[in-house]
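I have placed the structure first, in the form of structure tokens, so that the comments after it can refer back to it.
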């Protein structure tokens, strides 16, 4: 209410309407997706969340953004078309509002801007823009290859699809990848089928990221085309559930390999280093290695 200029109101009104519309649409989308995830969690626990939350999230955001774009175009047409009117005289900012109404309006605008920025960020992250070419500092010899042994897709918490991942790898000269979605093989199987169907020169490794969200232990296992989940993700009729030590023993006993991901190498209250399981414990259980680059961090 500090600005009384009619020009300012003519310009700010469409913007405010778009932001309020974004608040409503995205709030509904968040509520629907949140309810879906909550129901799934109540029925199947972390097993459901790890496997099924990303696709509905991206679908809801994309539909919301399309509706917001349509609303934006409509408001722009009303603003510039000489036969259409914004009907400013009927709008609330021409009337005196109570202090409570003003606070409510400001909260809606700020939250609307926040969810709009967050949704735009999701769209940008999940859009496969033309990639920058990765050039190795030291050129590869004929018998040297690049592989990615820890990658997610929309089958868990990855932002892009299996197909988009593979196309990106091939453009970068990467020879293969271990599709290690959380607690499921769907990404790896889908990648293998895509490569076979299109006759691509690309190696797909069967992998799963065993994901314990209670003790916060994540481990990638390779070479076993079987889904194994932590005890917290047990669901009747679902994959075999085991604790960390039994999982390591089972994978090793069946010819697979297993590594510990983003390991917290800090002093353990029970002695040694590493949380929640010490380095000595994991070594004695038989892990094959540790991930040492974790999201750009070298700590530990």
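The values are calculated or read from the model by the stated rules, or taken from the named source; none is laboratory data. None of these values were measured; they are calculated from a predicted model. No Cβ is skipped: glycine too gets one built from the backbone with ideal geometry, and neighbour counts run over all protein chains shown.
Details
- Residue within the stretch 195-207 that is in a strand (DSSP E or B) and over 27 Å from the mean Cα position of the chain (by Cα) present: no
- No other residue among 19, 25, 37, 66 is loosely packed, with under 12 Cβ neighbours inside 10 Å, modelled with pLDDT of 85 or more, within 26 Å of the chain's Cα centre (by Cα) and not assigned by TED's automatic domain parsing to the domain that holds residue 161 apart from 66.
- Unique match (being closer than 26 Å to residue 223 by Cα and at pLDDT below 90) among 183, 148, 142, 197: 142
- All positions within the stretch 185-221 that are farther than 23 Å from residue 263 by Cβ and in contact (Cβ under 8 Å) with a residue 40 or more places away in the chain: 185, 186, 203
- Between 115, 49, the distinction of being closer than 30 Å to residue 160 by Cβ, out of contact with any strand residue (DSSP E or B) (no Cβ under 7 Å at 6 or more places or on another chain), part of a helix (DSSP H, G or I) and modelled with pLDDT of 85 or more belongs to 49 only.
- For the stretch 170-182, the count of residues that are without any contact (Cβ under 8 Å) to a residue 12 or more places away in the chain and over 30 Å from residue 45 (Cα atoms) is zero.
- Members of the stretch 224-243 that are assigned to a helix (DSSP H, G or I), in contact with a helix residue (DSSP H, G or I) (Cβ under 6 Å, 6 or more places away or on another chain) and farther than 22 Å from residue 151 by Cβ: 232
- Filter result for residue 67 (without any contact (Cβ under 8 Å) to a residue 12 or more places away in the chain and in a helix (DSSP H, G or I)): no
- The set of residues in the stretch 251-293 being within 16 Å of residue 178 (Cβ to Cβ) and modelled with pLDDT under 75 consists of 293 alone.
Yes/no per residue for (1) within 19 Å of residue 150 (Cβ to Cβ); (2) touching a strand residue (DSSP E or B) at 6+ places or on another chain (Cβ under 6 Å); (3) crowded, with 20+ Cβ neighbours inside 10 Å:
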site: 187; (1), (2), (3): yes, yes, yes
site: 209; (1), (2), (3): yes, yes, yes
site: 219; (1), (2), (3): yes, yes, yes
site: 222; (1), (2), (3): yes, yes, no
site: 245; (1), (2), (3): no, no, no
